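*Asks:* Before we start, here is the structure in question, set down as structure tokens.
The values are calculated or read from the model by the stated rules, or taken from the named source; none is laboratory data. Since the structure is predicted, the reported quantities are computational estimates derived from the model, not experimental observations. With ideal geometry, Cβ positions are generated from the backbone for all residues, glycine too; neighbour counts draw on all protein chains shown. These area figures cover heavy atoms from the full protein model, side chains too; ligands, DNA and RNA do not enter into them. Shrake-Rupley method; radii C 1.70, N 1.55, O 1.52, S 1.80 Å.
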Amino acid sequence: MVASLIRGVTLATLALCFCSGSLAATIEEYKSKIDSARKLAIELETTLRNDDSSESDIREFAVRIRQDFPTAERVEWNGGTVETTSGWLLDKTHELEGDTDAKKRLLAVVEIREYLSAISFKLEELRLAAAAERTKDEDKQKLAEILRREEYQKPQEQEESVVQAWLRRFLEWLESIFPRSSDPAPAFSGLSALTVLLQVLIYGGLLALLGVLVYKIAPLLFPKLKRSRKPKKRKDRIILGEQLGEDATATDLFAEAEQLAREGNLRGAIRKGYVALLCDLSDRKVIGLARNKTNRDYLRDVRSRRDLHPRMQSVTDTFERHWYGFQESADQDWVRFREEYNEAIRSV
């Protein structure tokens, strides 16, 4: 029995491995059928050992085996196909189905289970080997991609720029003016001391001049070196008698106006919204704020802007009617004011 089992597993494995060296997705499907049949064999073996099996169990097992494993089956493999044979499995299943002796049936099921387990193990072994081979290829490809990156390339020799060439020639000229003597330095005399002093002064002056040039030119060549100017602290602003904090924005003011409108203070909401509009126009450099300016002064400031002026005038008229005229305000007045506000902002 053992010899025939080994021979059957070997034939099945050789059939799968013929002219192929790697594992593909279709092999996974074939292994899934092997594992499913092995699971059924284990279940049938358990029922036979417990004397709980019936003819219908054996018949269903045999039908399932014949359904999943034809005599010959072609399996796709690495761009080609190989042919698998299931003759031994089908013969052993036929033998199991035709025998009535419980012990012989159990022996047949054990052989089938071991046969399927051996094939499953071998397929898993082939899959792992192919996966390891793919991993090696992927690692080689990844390493090649890394080595092709710019930081791993041999740096190219940079050509001398115009400034570098000018500096090199300048230093060579200085060296030609003050050549180094190879003879031992003589004892200081009055003339030699003066010469040394002149050299020190000239070199010091040139270094100072070079430092000034670098200080002036470097920010032009490298804008990031410019000293960042600290933003001036914005002073408190007064708009129509209302003092605004240094951090107050038009968005914050209009949010306060919305809150007043929700609370039912529509007159106050319209005033706050008008102040928000003036603040927004000031931030956009359209108007200039002043403590003594009135709403009509701000309206005159935008008279040269044809798109903004009519919308600004409409918002100003609404503000005057409801704030200075004490006209009773309703919800629709706030809605209309908000639309006029948005149109004025969009026209800037």
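*Asks:* Go through the stretch 307-328 and report how many residues are surrounded by 17 or more Cβ atoms within 10 Å (Cβ to Cβ) and over 52 Å from the mean Cα position of the chain (by Cα).
*Replies:* So the count comes out to 2.
*Asks:* Let me ask something else. With respect to D331, determine if the residue is of a type in the set (D, E), touching a helix residue (DSSP H, G or I) at 6+ places or on another chain (Cβ under 8 Å) and surrounded by fewer than 17 Cβ atoms within 10 Å (Cβ to Cβ).
*Replies:* yes
*Asks:* Please find, among R234, R169, R148, the residue that is open to solvent by 90 Å² or more (accessible area, probe 1.4 Å), modelled with pLDDT under 70 and either small (G, A, S) or on the phi < 0 side of the Ramachandran plot (or both).
*Replies:* None of the other options fit; the residue is R234.
*Asks:* Select from the stretch 337-348 the residues that are basic (K, R) and touching a residue at least 60 places away in the same chain (Cβ under 8 Å) and list them in ascending order.
*Replies:* If the condition is that a residue be basic (K, R) and touching a residue at least 60 places away in the same chain (Cβ under 8 Å), then R338 is the only one that fits.
*Asks:* Only one of E83, E95 is of a type outside the set (A, V, I, L, M), at pLDDT below 85 and either surrounded by fewer than 12 Cβ atoms within 10 Å (Cβ to Cβ) or not in a loop (DSSP other than H, G, I, E, B) (or both); which?
*Replies:* E83
*Asks:* Identify, by number, the condition in (1) in contact (Cβ under 8 Å) with a residue 12 or more places away in the chain; (2) under 43 Å from the mean Cα position of the chain (by Cα); (3) under 28 Å from Q332 (Cβ atoms) that Q259 doesn't meet.
*Replies:* (1)
*Asks:* Filter the stretch 32-55 for residues that are β-branched (V, I, T) and closer than 11 Å to L116 by Cα; which is modelled with the lowest pLDDT? Can you show your working first?
*Replies:* Start the filter on the stretch 32-55 by keeping residues that are β-branched (V, I, T), which leaves 34, 42, 46-47.
Add one more test, that the residue is closer than 11 Å to L116 by Cα, and what stays is 34, 42.
Details: I34: 90, I42: 93.
Within the stretch 32-55, the match that is modelled with the lowest pLDDT is I34.
*Asks:* Let me ask another. When the residues of the stretch 287-306 are filtered to those that are in contact (Cβ under 8 Å) with a residue 24 or more places away in the chain and under 27 Å from A330 (Cβ atoms), which remaining residue is surrounded by the fewest Cβ atoms within 10 Å (Cβ to Cβ)?
*Replies:* Among those that are in contact (Cβ under 8 Å) with a residue 24 or more places away in the chain and under 27 Å from A330 (Cβ atoms), it is T294.
*Asks:* Identify all residues within the stretch 264-282 that are open to solvent by 10 Å² or more (accessible area, probe 1.4 Å), out of contact with any strand residue (DSSP E or B) (no Cβ under 9 Å at 6 or more places or on another chain) and either more than 16 Å from V348 (Cα to Cα) or modelled with pLDDT under 90 (or both); write none if there are none. Before the answer, list the steps.
*Replies:* Here is the first cut: in the stretch 264-282, the residues open to solvent by 10 Å² or more (accessible area, probe 1.4 Å) are 264-268, 271-272, 280, 282.
Now drop any that are not out of contact with any strand residue (DSSP E or B) (no Cβ under 9 Å at 6 or more places or on another chain), which leaves 264-268, 280.
G264, N265, L266, R267, G268 - these are the residues of the stretch 264-282 that are open to solvent by 10 Å² or more (accessible area, probe 1.4 Å), out of contact with any strand residue (DSSP E or B) (no Cβ under 9 Å at 6 or more places or on another chain) and either more than 16 Å from V348 (Cα to Cα) or modelled with pLDDT under 90 (or both).
*Asks:* Among the residues that make up the stretch 265-286, is at least one of them in contact with a Lys or Arg (Cβ under 8 Å, 6 or more places away or on another chain), outside any helix (DSSP H, G or I) and touching a residue at least 12 places away in the same chain (Cβ under 8 Å)?
*Replies:* Yes: the stretch 265-286 contains one or more residues that are in contact with a Lys or Arg (Cβ under 8 Å, 6 or more places away or on another chain), outside any helix (DSSP H, G or I) and touching a residue at least 12 places away in the same chain (Cβ under 8 Å).
*Asks:* Can you find a residue that is open to solvent by less than 90 Å² (accessible area, probe 1.4 Å), assigned to a strand (DSSP E or B) and either modelled with pLDDT of 85 or more or at negative phi (or both) anywhere in the stretch 108-131?
*Replies:* No - not one qualifying residue is present in the stretch 108-131.
*Asks:* A follow-up question, please. Starting from the stretch 309-336, take each residue that is under 22 Å from L281 (Cβ atoms) and hydroxyl-bearing (S, T, Y) and list its partners that are open to solvent by less than 50 Å² (accessible area, probe 1.4 Å) and part of a helix (DSSP H, G or I), counting only C-beta distances under 6 angstrom and pairs at least six apart or across chains.
*Replies:* Short answer, once both residue conditions are applied: S314/E340; T316/N295; T316/L299; T318/F337.
*Asks:* Pick out the one residue from I65, I27, I58 that is modelled with pLDDT of 90 or more and open to solvent by less than 50 Å² (accessible area, probe 1.4 Å). Explain how you work it out, then say what you get.
*Replies:* Working: I27 fails: modelled with pLDDT of 90 or more; I58 fails: modelled with pLDDT of 90 or more.
None of the others qualify; the one that does is I65.
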